[in-house]
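One structure is given here, and the rest of the page talks about it.
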Amino acid sequence: MANLAALFDPPTHARMVRLAHLHGRNLKQREIDRFAELGVPALHLGSPWPVLVDKVVFEGEFFSFADDLGVSGELAFTIVVFSNAGMIDIAAWQPETERLAVWRGDGFALGERQIHHPNPLAAGLQVFRSPLDWLRADRRGIVLVRDQFARAVLADVPVLVAEDEHHRKKLQELFLFSGPQIIVPEVANLEAAQ
């Protein structure tokens, strides 16, 4: 019989991601309240894994935990990147500066598990500009963190749903001459026309 403990113990990489993320602190009530003011219910901040806060150092599309470098760093929200393989990376997001980066480089988008497990009731895979909009939508869809991987990873997705026409054009630039159909919801088109 296989070692029972090994069956319940996640793979080494996932365990490393989980433990690194859990070094962050829980959100303070004022942070939860601010998210609520911005349209993000508290439940969206905790499922399937909590948004936490940690001190980080941004280095382009990557970040390091400040404690690992022995520096003070800056506060950022940290969010686990889930794929088909489970927890594969951590994203750090600082809303004030709009910086978004990954820790290990194994993840390329928040919500990337949905690329291979689409919602059959949705018109396509929603792509958000920022984690804030993604959290408002209860983490349905993705947020690109590393754009250069979009063409390779999203090539087989039939339809992407952009937030608006400007966002659609930006996404189209990632695919050059071929790629998924990129649409804009009717609501965004109506708002743009007003």
Quick one: work out the % antiparallel among DSSP beta bridges in the range 108-194, nearest 5. 20
Full-stretch length increase - Lys169, Ile183 - with 0.36 nm per residue and alpha-carbon distance subtracted: 4.1 nm
Here the FRET efficiency for Arg99 versus Asp156, based on Cβ atoms and R0 = 41 Å and rounded to 0.05, is 0.90
One would report the antiparallel percent of DSSP beta bridges in the chain, rounded to the nearest 5, as 75
Once phi is turned into ³J(HN,Hα) by the Karplus curve 6.51 cos²θ - 1.76 cosθ + 1.60 with θ = phi - 60°, what whole-Hz value does each residue of the range 37-48 show in order, with x for glycine and proline? 4, 8, x, 10, x, 4, 4, 5, 8, x, 10, x
With the contact rule set at Cα under 8 Å and sequence spacing of 6 or more, what percent relative contact order holds for the chain? 14
Could you calculate the FRET efficiency of Ser72 with Leu43 from 1/(1 + (r/R0)^6), where r is the beta carbon distance between them and R0 is 35 Å, rounded to 0.05? 0.60
With a Cα-only, solvent-free Debye model of the chain, what are the log10 I(q)/I(0) values at q = 0.08, 0.13, 0.14, 0.17 Å⁻¹? -0.29, -0.74, -0.85, -1.19
By its C-alpha gyration tensor, with a ≥ b ≥ c as the square roots of the eigenvalues, how is the range 1-106 shaped: rounded for a/c under 1.5, else prolate for a/b larger than b/c, else oblate? oblate
Cleavage-rule hits, GluC sites (Glu not before Pro), the range 53-142, DSSP coil, Cβ neighbours within 10 Å at most 15: Glu61, Glu96, Glu98
What is the extension gain from Met16 to Asn84, computed as 0.36 nm multiplied by their sequence separation minus the C-alpha to C-alpha distance, in nm to one decimal? 22.8 nm
per DSSP, antiparallel bridges as share of beta bridges in the range 52-156, % nearest 5, sits at 90
With a sphere of radius 10 Å drawn around the Cβ of Phe108, what net charge do the other residues whose Cβ falls strictly inside it have (Lys, Arg +1; Asp, Glu -1)? -4
Virtual spin-label span in nm between Ala137 and Ala36, 7 Å along Cα→Cβ: 2.5
For the range 108-194, report the % of Cα-Cα distances exceeding 21 Å. 22
Per the helix-only model, the chain has a calculated mean residue ellipticity at 222 nm (DSSP H runs of ≥4, -39500 (n - 2.57) each, divided over all residues, rounded to the nearest 500) of -7500 deg cm²/dmol
Taking the Cα-to-Cβ direction at Arg25 and at Asp147 and moving 7 Å from each Cα, how far apart do the two end points lie in nm? 3.4
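Any read-out appearing in this document is the output of simple, stated calculations on the displayed coordinates, not a laboratory observation. As the structure is a prediction and not an experimental result, all values here were calculated from the model. Positions of Cβ are backbone-derived with ideal geometry, glycine not excepted, and every protein chain shown enters the neighbour counts.
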